[in-house]
1. Can you check what the Kirkwood hydrodynamic radius comes to for the protein assembly as shown, Cα pairs only, in Å to one decimal?
2. Given H placed 1.01 Å from N in the peptide plane, which residues other than close sequence neighbours of B:LEU341 have an amide H under 5 Å from its amide H?
3. Could I have the simple spin-label model distance between B:GLU280 and A:ASN107, label points 7 Å from Cα toward Cβ, reported in nm to one decimal?
4. Starting from the amide H of A:GLY74, placed 1.01 Å from N in the peptide plane, find each other amide H under 5 Å away whose residue is 5 or more places distant or on another chain.
5. If you roll a 1.4 Å probe over the heavy atoms of the protein chains, what accessible area per residue do you get for the protein assembly as shown, in Å²?
6. Which of the pairs A:LYS42/A:LYS192; A:LYS120/A:LYS230; A:LYS42/A:LYS193 have their Cα atoms more than 22 Å apart in this structure?
7. Using the Karplus curve 6.51 cos²θ - 1.76 cosθ + 1.60 with θ = phi - 60°, what ³J(HN,Hα) values do you get for each residue of region A:162-175, in whole Hz, with x for Gly and Pro?
8. Ignoring any ligand, DNA or RNA, what whole percent of the accessible area of region A:172-263 comes from carbon and sulfur when the probe is 1.4 angstrom?
Amino acid sequence: MSDLVNPVEQFLRSDRMPHIWCPGCGIGTTVNCFAQALIESKVDLESLAVVSGIGCTGRVAGYVKLDSFHTTHGRAIPFATGLKLANPKLNVVVYSGDGDLSAIGGNHLIHAARRNIDLKVICVNNLIYAMTGGQTAPTTPDHAITSTNPYGVFEPSFNLPHLVEAAGAVYVARWTTFHVRQLARSISEAFKKKGFSFIEVISPCPTLYQRRNKLGDGLDTMKYYKEKSKTRHGAPTSEVGLTMTGEIIVGKFVDRDRPDYQTMMRGQMTESLGDKFAEQAEMVCS
Amino acid sequence: MKADPRGVLTGTHFMDGDHACCEGALAAGARFAAGYPITPSTEVVERFASRIPTVGGTFIQMEDELAASITLQGAVWGGAKAFTVTSGPGFSLMMEHIGYAAMTETPCVFVDVQRGGPSTGLPTLPAQADMMQARWGSHGDYEIIALCPNSPQECFDLTIKAFNLAEEFRVPVMFMMDEVVGHMTEKVVIPPADQIEVVPRKHTHKSVSEYLPYGTNGDMVPEIAHAGEGYKFHVTGLTHDERGYPNMTPQVQDKLVRRLQNKIRSAADRIALFEEEQTEGADVVVVSYGITSRVAQRAIGLARERGLRIGKLRLITAWPFPEKKIAELAACVKAFVVPELNLGQMVREVERAAAGKARTFAVSHAGGGVHKPEEILKVIVEASR
């Protein structure tokens, strides 16, 4: 048995295990899918960087055996933007949570999509602020109980696929942590896209979201995902908003092409400056 | 190593401080800037946006200063020398990322062209009231370096110095201009590239298996690797060990935070630059920096005409504060006079370093203009008694 090695282990910093995630949490499942996608898509691991923000999902950067950056709360996308622009050869993945990306980092999310920066964003959406103890997020569904809305959430939530499509993303998909094969496939597809890709993964937080809302444990949530998810590729993103116990529309919603930021910059500079435009040299300054 | 000639605009120019700062950054090897428009600093990045496509590099205008101040750090870890430019309100928004740069030891430069505050304050008028913010603005214990130019020529020369110090110590360097210096136009001489010394990144030569991202050998400054080179390293703003892994114990915190402080403090004498004139035998020394040093020069001249023995100490490095120099002078002089465009910031440092051995007189100004030389003269006369 000793020669049996988990195929995803090569992507993990095993010297950092055990991880901090709770039993039943879905983040580890998404990392497994991410690793499967790396195997399937044969991405060059040396030129792959993972950038995370703050929160439970923000810890992903610390566990993957890749060049990895655990940045400040909400700012994974602008950090990743600088990294990508300085070294366009890098494949840059932003791996963070719903609160980090869409609340404190919401402005950067829409502007990166607008610019069509070549980033692959994996947004693990557990519908709550988990690291800090279960506060309301911009994604928390109506009527849910949280520690900061103890009588129920009444403010409308973000429909993230709709938001990023409107802002300009070229690839938008949503799965749950029940859809492990589909998720891995979507991540592989995103690696083939040039431009701003956004994959939302609905994921349980049994410790805070499910428990407070009497939605059962991790297994109950898998059953819910299985029963209530409906795959609708190409669904209009305006129709994929989430409720607490209703249907979850999953699938690939957007797959389109438009020039990414660096292609547009090169085109504009060449048009305006002609031969004087100095194509960005290798920036490594040592 | 010598500057890359592609970024060096050799010649004699008539140029304002903001533009000279941009030319200094290009000469120092900066090939990436992220910015957000804010008066009176925007001219620095406007010039960079115009110059960089023909030099080879990138300027990106971000959605806010929060973004600009971390985008540049992503670029540094991608291999670039990078900076951002702002003024008071934007500088306030950048504080968290100054802390991130200090904690992750990301070499970079933050330019602050100071205007009157607090809040929106005086967008087009000068102040020197961000000096303590530059030192203490982010939470937690850390050290930074801050330089204060007093002319367009120094905006060029010291911007190169700022990048060099950032690379040598792997620390964010604050370049503390003020509105007058930024908008003042004077002669700026840019030497040939082969006469400009540039400090290269302290890049590791170790093998992947030997490399410890935050391991140090005596000099307290770790060697850096860039993304995409195969090192598969981790960077975090959490308290971390030599591997760069989070380790939130008091022991690791103590070791890390003390090293971040000591790598600068132990080199403070070397980093502390100042201009000293006739301090020997002086009764009073006027301590000033930035645009105020040029007004103070006139006041010192007027005082000397009256037969007073007045020395001058112009701070070029504000942080780490040259406390040793002040302590030496305090043993010999009656008093220090400290004019500045704020209600008393660096004067507190002078007073602390003088440790009661000499008196300290502030000449405060709320900003929006500069002192009248006579206002400084009056305090010099009083201090000389």
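The values are calculated or read from the model by the stated rules, or taken from the named source; none is laboratory data. These figures come from a predicted structure and were not determined experimentally. Cβ placement follows ideal geometry from the backbone for every residue including glycine, while neighbour counts extend to all protein chains displayed. Accessible surface areas use protein heavy atoms only, side chains included; no ligands, DNA or RNA. Shrake-Rupley method; radii C 1.70, N 1.55, O 1.52, S 1.80 Å.
1. Kirkwood radius, the protein assembly as shown: 26.5 Å.
2. B:GLN128
3. Spacing of the two 7 Å Cα→Cβ label points: 5.5 nm.
4. Answer set, sorted by chain and number: A:ILE54.
5. Accessible area per residue, the protein assembly as shown: 38 Å².
6. As for pairs spanning more than 22 Å Cα to Cα, those are A:LYS120/A:LYS230.
7. Values per residue, Gly and Pro as x: 5, 4, 6, 5, 4, 7, x, 4, 8, 9, 9, 9, 9, 9 Hz.
8. Whole-percent figure for carbon plus sulfur exposure: 52.
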